[in-house]
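The values are calculated or read from the model by the stated rules, or taken from the named source; none is laboratory data. All figures in this text were calculated on a predicted structure; none of them were measured in a lab. Note: ideal-geometry Cβ built from the backbone for every residue, glycine included; neighbour counts use all protein chains shown. Quick note on the areas: whole protein, heavy atoms, side chains included, nothing else; ligands and nucleic acids left out. Shrake-Rupley method; radii C 1.70, N 1.55, O 1.52, S 1.80 Å.
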Amino acid sequence: MDIRYLKGVGEKRALLFKKLGVDNVDALLSFYPRVYEDWTKIVSIADAPLGETCCIKAIVGHDPIENKIRKGLSIYKTVVTDGESLMNVTIFNSKYTADKLKEGEEYLFFGRADIGYSGREMNSPLIEKAGSGEKIRPIYPLTHGLTSKVVENAVRIALTAVGNSIKETIPDEIAEEYGLISKKAAVYNIHFPKSQYHLEQARKRLIFEELLVLQLGLMLLKNRNRRLTAIKAENDYTQEFYKYLKFTPTNAQKRAINEAVADMKSDVPMTRLLQGDVGSGKTVVAAALMYNMCRNSFQSAMMAPTEILAQQHYMTLVEMLKDTDIKIALLTGSTTAAQKKKIKKALEDGEIDIAVGTHALIQNDVVFKNLGLVITDEQHRFGVKQRSALSEKGKNVHTFVMSATPIPRTLALIIYGDLDISVLDELPKGRQITETYAVTTELRKRAYNYVKKHLDEGRQGFVICPLIEENESSTASAIEYAEKLAKEDFKNYKVALLHGKMKAAEKKAVMDSFAAGETDLLVSTTVIEVGVDVPNAAIMIIENAELFGLSQLHQLRGRIGRGKHKSTCILISDAKTDETKQRLNTMCKTTDGFKIADEDLKLRGPGDFFGARQHGLPEMKIANILDDMEMLRATQKTAKQILTSEEGIRAEKYSELRELVRKLFENVGENSMN
Ligand code: ADP
Ligand code: MG
């Protein structure tokens with residue numbers, strides 16, 4: 001039922017509800033309160049915690065007395081008692097509320113208790129009749145013009161209208177095993193909990209359902225894949241590939257390559273995630289797989305989130321495979337139309353073996369002759385949907401996803417439930433640890449001098465500019481800053497600027513010249529954050545380091561220390577809070593991405609870190625993937641049981657669950673539900 005037709009909602013409010021993402025009654029019922037006001041926990045006036053919100057039950061001593069402060073502003077005062085103590089109650093400018101209070105009657109006062117000149121007091125409390133007001137009240141997230149009260153009323157009406165027809169989604173035996181209350185009871189109690197206990201039970205039930213649906217969806221994606229017949233790599237050409245490398249692969253690289261090649265030789269398509277910290281050498285692994293595919297007569301595609309990165313991969317591959325007959329092409333938004341046309345034709349004719357690019361690769365008009373392998377880099381920037389869009393360019397192709405965001409393995413297993421995982425837990429030999437220092441702005445000149453020392457030794461460096469969002473004014477300040485450096489402190493060096501507002505071709509030119517060693521110092525915004533690889537770069541300054549998250553600092557720092565040179569990163573910040581100091585200190589203490597991720601998690605909380613957006617997972621309404629680890633495990637087990645049962649999720653008793661999975665993963669098609 002459309003929310004418009006709900007009593008008391010109407011066209012105008014319906015629009016506001018839509019802003020909250022609520023357009024029908026079902027959506028309204030799963031629009032959960034943000035917090036609750038507990039009017040069942042009643043404290044005595046004497047015990048009321050000062051300065052905190054609480055609920056007091058008391059009898060009104062006299063009808064409120066009006067006090068006209070000035071025209072249009074009245075306050076009403078009365079005194080109330082709980083039989084032991086007295087409390088002054090003041091109501092501001094609400095005759096309506098004041099008139100509700102009658103001498104000798106008992107009410108609940110919900111508000112902040114304080115001590116004033118004449119003893120205990122409560123100003124502008126919310127008031128309800130005692131005997132009927134002892135409830136836990138929902139508080140809903142707000143949007144312009146929609147108060148929590150309006151949402152509450154709409155939910156109440158919706159529950160009377162359709163509450164009885166709320167369908168059970170979880171079969172009895174599962175509910176029993178985990179002690180889950182019914183869906184109907186859960187929906188009632190999440191909105192209007194009978195008690196804290198009921199609220200907990202409701203939350204538990206709804207979180208279980210949400211996570212179960214997530215797990216089912218991810219596993220179905222994986223299973224869909226498992227039932228397909230793969231493009232099979234007949235032979236393993238890895239040893240042949242190694243001959244073209246200028247270095248010996250690390251054991252971790254070898255292991256990852258072997259795992260992936262084994263997948264590609266098997267009967268089902270590979271869906272593998274490669275986790276490796278910055279600088280662990282993921283590109284070589286990708287190259288080895290693409291080489292294998294090519295020698296087995298299939299094309300490969302490699303997708304990166306930015307043009308610069310795509311371009312860098314392209315150059316790396318061209319260089320690495322220059323002594324082979326393998327044809328590589330670059331396809332990005334800035335490829336000229338004529339060039340694009342040529343590349344597309346060549347891809348369709350099978351004349352190109354490896355296509356590297358950005359989102360441009362998943363456009364409809366890009367057709368491959370015989371695509372066998374799809375690799376996406378820096379996976380957290382792509383969603384589950386984009387991942388599959390590229391795979392659909394071929395028939396049952398192998399997919400390989402590379403991520404530099406370290407996540408504890410147990411967690412990775414769950415949130416990447418649709419993928420197998422390889423880990424690069426070893427850095428290439430000879431790599432030196434990047435030393436990191438945090439300094440205040442007073443020491444900026446000294447930091448500059450330190451940079452110059454490195455540049456004089458033939459190294460290159462980065463200065464990361466103090467801006468998070470790239471808008472006009474911050475870009476202007478980055479440009480100004482770069483010009484100042486170029487004219488003053490670094491006038492004897494070649495300084496270039498890179499920022500997000502530059503045209504792709506300009507960025508490319510700047511990056512090319514930096515990679516070629518023609519520029520000494522690159523002043524950049526965070527556009528260099530991901531992947532860029534210039535082994536000669538050995539020094540980095542990060543301005544206003546306090547503005548960056550730990551993981552972001554780690555990514556930025558990962559742009560240096562990629563070669564044999566000893567590298568240094570200087571964090572400049574005047575921030576004084578303990579949290580910031582602790583954050584910067586963590587950066588100085590360790591270069592281990594997993595440790596930094598842990599710390600980041602502790603400091604920023606899971607909301608930010610494991611945000612759905614970051615990992616391309618569907619958004620959760622009530623569950624929190626990190627807080628609800630126990631529940632995650634339980635649902636993972638249950639999902640497995642469901643999918644391996646005789647009829648699988650097709651069984652009648654799972655029909656409602658199936659519907660929920662379909663809704664959550666719109667792209668999990670009907671035919672994957674078998
Ligand atoms: P990331 O995992 O961050 O994407 P890259 O693939 O860009 O790392 O590799 C970082 C640098 O390390 C590159 O310059 C690459 O050539 C080099 N490299 C990769 N593997 C090895 C290795 N086994 N031995 C030496 N250098 C390596
Ligand atoms: Mg990389």
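Using the Kirkwood formula over every pair of different C-alpha atoms, what hydrodynamic radius in Å results for segment 435-590?
Values: mean 1/r = 0.0646 Å⁻¹.
About 15.5 Å for segment 435-590.
Counting each DSSP H run of 4 or more residues in the chain as -39500 (n - 2.57), what helix-only mean residue ellipticity at 222 nm follows after dividing by all residues, to the nearest 500 deg cm²/dmol?
Numbers: 24 runs with 266 residues, N = 674.
Calculated from helices alone, the mean residue ellipticity at 222 nm is -12000 deg cm²/dmol.
Mind ordering 83-92, 590-599 by average Cβ neighbours within 10 Å, highest first?
Working: 83-92: 17.3, 590-599: 18.8.
Per-residue mean Cβ counts within 10 Å order the peptides as 590-599, 83-92.
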Ranked by how many other beta carbons lie within 10 Å on average, peptides 512-523, 49-60 from highest:
512-523, 49-60
Could you work out how far the C-alpha centroid of segment 16-64 sits from that of segment 166-214, in angstrom?
22 Å
Of the cross-linked pairs K95/K135; K129/K194; K246/K494; K429/K508; K57/K135, which ones have a Cα-Cα span greater than 19 Å in the structure shown?
K95/K135; K246/K494; K429/K508
Where the chain is the region considered: accessible area per residue in Å², 1.4 Å probe:
46 Å²
Taking N as its residue count, the alpha carbon Rg of segment 201-315 over 2.2 N^0.38 Å
1.36
Relative contact order for the chain, counting Cα pairs under 8 Å that sit 6 or more residues apart, in percent:
13 percent
Could you report the accessible area of L547 in Å², rounded to 10, computed with a 1.4 Å probe on the protein chains as they sit in the structure?
80 Å²
Just to compare against my own numbers: the Cα pair-distance distribution for segment 41-134, 5 Å bins, whole % per bin, please.
3, 15, 28, 26, 18, 8, 2, 1
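Let me have the relative contact order for segment 435-590, percent, based on Cα pairs under 8 Å that are six or more residues apart. Each step should come with its number before you reach the end.
Values: 258 pairs, mean separation 52.3, N = 156.
The normalised contact order for segment 435-590 reaches 34 percent.
Students sometimes get this wrong: rank R156, R431 by accessible area, probe 1.4 Å, all chains present, largest first. Before the final figure, lay out each step's value.
Working: R156 95, R431 65 Å².
Solvent-accessible surface, decreasing: R156, R431.
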Listed by chain and number, the residues whose amide H is under 5 Å from that of A537, excluding neighbours fewer than 5 places away on the same chain and using placed H, are Q460
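Compactness ratio of segment 505-594: Cα Rg over 2.2 N^0.38 Å, N = residue count? Display every interim value, and only then the final one.
On the way: Rg = 13.8 Å, N = 90, 2.2 N^0.38 = 12.2 Å.
In units of the 2.2 N^0.38 Å rule of thumb, it is 1.13.
Largest first and in whole Å, give the semi-axes of segment 124-266's equivalent ellipsoid, each being the square root of 5 times a Cα gyration tensor eigenvalue. Kindly include the intermediate steps, with their values, before the conclusion.
Values: eigenvalues 607, 82, 43 Å².
Its equivalent ellipsoid spans semi-axes of 55, 20, 15 Å.
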Residue-by-residue Karplus 3J(HN,Hα) for segment 48-62, coefficients 6.51, -1.76, 1.60, Hz, glycine and proline x:
4, x, 5, x, 10, 6, 8, 10, 10, 9, 8, 9, 7, x, 7
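Test of understanding: express the Cα radius of gyration of the chain as a ratio to 2.2 N^0.38 Å, with N the residue count.
Details: Rg = 30.7 Å, N = 674, 2.2 N^0.38 = 26.1 Å.
Relative to the 2.2 N^0.38 Å estimate, the chain comes out at 1.18.
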Over 20 Å (Cα to Cα) among K222/K344; K452/K484; K340/K503; K243/K344 -> K222/K344; K243/K344
In whole angstrom, and with the biggest value first, how far do the Cα coordinates of segment 47-88 range along each principal axis?
37, 23, 12
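Considering only protein heavy atoms and a probe of 1.4 Å, how much of the accessible area of the chain is carbon and sulfur, as a whole percent?
Numbers: 15770 of 31320 Å².
About 50 percent, which is the carbon plus sulfur part of the accessible surface.
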Tell me the relative contact order for segment 41-134 as a rounded percent, counting alpha carbon contacts under 8 Å between residues six or more apart.
30 percent
